[in-house]
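These notes are about the structure you will find just below.
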Amino acid sequence: QSLLARRVQSQQFTYQVSLGFQPQSFQQMAGLVAYYNTGHYLYFHVAGDEKGTCRWLQLIISDNFQVSEPYPPVKLPGKGVLQLGVRWAYAQLSFFYCLEEGAVIAYPGQYDGSILSDDHVREGSERYRPAFTGAFVGIACQDLSGRRIAADFYSLSYEEGLNA
């Protein structure tokens, strides 16, 4: 597993990544993550299927180690570069994506970014009482199959402000 993240420094920002990734298994994932620790994160990523024939876009949310997927995965074209993004406005996160050079597509829903706060982690968990890291946003890649498949991240963008 690999993670490259930066500290969130503003209450309002947009973070985008450009990703080339061809998973061959459901055990291979890559994308962007809003992260506090292993029990508190929102992971917007591309994964494969059991046969290695399809790519899927999905959002996984972990709040105090309770993992959920708010919507069914979105089937993606078999190949091509994908743009993934998150707009963070105070305690609300919204996700979006873009296929190649096409139009921006909003992922359904608004999500609670307060689960990535020191207060939420400290008060909501017996596992991590001393909470002090703050939130991060970044990119992640996993290959739990052991095949060492790589993801290519071509660009990263972090822009502060409501209109970013």
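None of the figures in this text is laboratory data; all of them are computed from the coordinates on show. Just so it is clear, the model here is predicted, and its values are computed rather than measured. Backbone-built Cβ (ideal geometry, glycine too); neighbour counts: all protein chains shown.
In loop segments of segment 38-128 as defined by DSSP, the chymotrypsin sites (Phe, Trp or Tyr not before Pro) with at most 10 further C-beta atoms inside 10 Å of their C-beta are Tyr90. On the basis of the beta-carbon distance and an R0 of 22 Å, Leu156 and Tyr90 show a calculated FRET efficiency of 0.45.
How much net charge surrounds Gln12 when only the other residues with a Cβ under 14 Å from the Cβ of Gln12 are counted, with Lys and Arg +1 and Asp and Glu -1? Counting the neighbours of Gln12, the net charge comes to -1.
Between Ala135, Ala106, Ala47, the Gaussian network model of the chain with springs among Cα atoms under 10 angstrom shows the greatest mean-square fluctuation at Ala106. For the pair Gln12 and Val81, a Förster radius of 22 Å applied to the C-beta separation gives a FRET efficiency near 0.25, rounded to the nearest 0.05. Take every Cα pair under 8 Å whose residues are at least 6 apart in sequence, average their separation, divide by the length of the chain, and the relative contact order is 35 percent.
With the simple model of a label 7 Å out from the Cα in the direction of the Cβ, Thr38 to Cys98 spans 3.6 nm.
Listed values for segment 46-59 are Karplus-derived 3J(HN,Hα) couplings in whole Hz (6.51 cos²θ - 1.76 cosθ + 1.60, θ = phi - 60°), namely 9, 9, x, 10, 4, 9, x, 9, 10, 10, 10, 9, 8, 10, and x replaces Gly and Pro. Note on Ile105 and Arg148: with the Förster distance fixed at 25 Å, the Cβ-Cβ geometry gives a FRET efficiency of about 0.25.
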